[in-house]
Every structure is written in structure tokens, then in C-alpha cells.
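The numbers here are math on the coordinates, done by the rules we state, and not lab data. Note that the coordinates shown come from a computational prediction; the quantities given were computed from them, not determined experimentally. Cβ atoms come from the backbone with ideal geometry, glycine included; neighbour counts cover every protein chain shown.
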């Protein structure tokens, strides 16, 4: 899940309050996991699933 890690890191680089990074990372990962669960019955390929999750999460910038 290299792409999801990079996606989250891209979001965190915009958060100045470094003490919140851990909590924000957990929250984003939870949302990504939930989206993955939602679409895993339709999208079987893990790379395609991850791409769809990131697309639905939106632009991290």
C-alpha cells in the first residue's frame, strides 16, 4: 500500500501541528479502509482497488 502511505504523507505535509499527525493519519487510514471494504466486492485487483480509494478520497493538496 505504498500509494496510500504517500497519499497520507501528502496530506500531512500541509498540517503544521505535528503533534496531530498520528491521529490524522489514523483517521484518514480508517476512511480509506472503509472505502476499500465497500468496493472490495466489486474491484478484486488490489492495485485497482487502491487507485479507486485514492480517487474517491480526492485531491490531497
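Which members of region 24-38 meet the condition of being over 16 Å from residue 56 (Cα atoms), within 10 Å of the chain's Cα centre (by Cα) and surrounded by 14 or more Cβ atoms within 10 Å (Cβ to Cβ)? Across region 24-38, the qualifying residue is only 25. Scanning region 39-61 for residues that are surrounded by 15 or more Cβ atoms within 10 Å (Cβ to Cβ), in contact with a helix residue (DSSP H, G or I) (Cβ under 6 Å, 6 or more places away or on another chain) and closer than 12 Å to residue 7 by Cβ returns 50, 53, 54, 60. If you filter region 1-23 down to residues that are farther than 16 Å from residue 59 by Cα and in a helix (DSSP H, G or I), you find that the one that is nearest to the chain's Cα centre (by Cα) is 2.
Please go through region 7-23 and pick out each residue that is exposed (fewer than 12 other Cβ atoms within 10 Å of the Cβ) and free of Cβ contacts under 8 Å to residues at least 40 places away in the same chain. Passing the criteria: 13, 16, 17, 18, 19, 22, 23.
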